[in-house]
1. Could you list all residues from the stretch 37-56 that are polar (S, T, N, Q) and surrounded by fewer than 14 Cβ atoms within 10 Å (Cβ to Cβ)?
2. Tell me, please, whether a residue that is outside any helix (DSSP H, G or I), modelled with pLDDT of 95 or more and in contact with an Asp or Glu (Cβ under 9 Å, 6 or more places away or on another chain) can be found in the stretch 44-55.
3. Residue 47 passes all but one of (1) more than 18 Å from residue 21 (Cα to Cα); (2) among the aliphatic types (A, V, I, L, M); (3) in contact (Cβ under 8 Å) with a residue 40 or more places away in the chain; which number fails?
4. In the stretch 68-88, which residues are within 13 Å of residue 43 (Cα to Cα) and assigned to a loop (DSSP other than H, G, I, E, B)?
Amino acid sequence: MLTAKWIVVCAIAALAAAPSAAVVTVRGAVQHQGAVTWKPGMTAAEAIKLAGGYADNAERAIATVRRTVNGRVVASVGRSVLTRELLPGDEIIVHEKAAPAAAKRKVA
């Protein structure tokens with residue numbers, strides 16, 4: 001016969017073992033940096049939209065996706081990462097636009 005105490009212990013153990021929500025992290029030149037909830041089939045472009053979209057200074061043509069594989073961080077950079085399917089734990093970095101050449105040169 002199960003006692004109330006045993007049922008409570010089992011319920012607490014089940015909650016502790018339950019996986020947390022799967023997320024990807026969006027950083028860089030976006031409106032709201034941070035974690036967004038991952039969904040199967042999600043792309044980097046969709047994660048950027050969930051982060052409020054691009055900031056005004058964003059380089060919209062390319063991004064970086066970082067993924068940990070067997071304990072090693074693997075980074076992919078380019079246009080193709082925007083349409084690549086993400087996995088939980090991936091990190092998307094949106095780069096800032098490069099400064100115009102005239103702004104880079106400073107007259108002394």
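1. 37
2. yes
3. Going through (1) more than 18 Å from residue 21 (Cα to Cα); (2) among the aliphatic types (A, V, I, L, M); (3) in contact (Cβ under 8 Å) with a residue 40 or more places away in the chain one by one, residue 47 breaks only (1).
4. Listed by number, the residues that qualify are 79, 83, 84, 86, 87, 88.
Residues are listed down the side, and each one gets a yes or a no for (1) in contact with a Ser or Thr (Cβ under 9 Å, 6 or more places away or on another chain); (2) surrounded by 12 or more Cβ atoms within 10 Å (Cβ to Cβ); (3) not aliphatic (A, V, I, L, M):
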site	(1), (2), (3)
58	no, yes, no
65	yes, yes, no
71	no, no, yes
75	yes, no, no
78	yes, yes, yes
81	yes, yes, no
89	yes, yes, yes
93	yes, yes, no
98	no, no, no
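The values are calculated or read from the model by the stated rules, or taken from the named source; none is laboratory data. In this text, all values refer to a predicted model and were calculated from it rather than measured experimentally. Note that each Cβ is placed from the backbone with ideal geometry, even for glycine, and that neighbours are counted across all protein chains shown.
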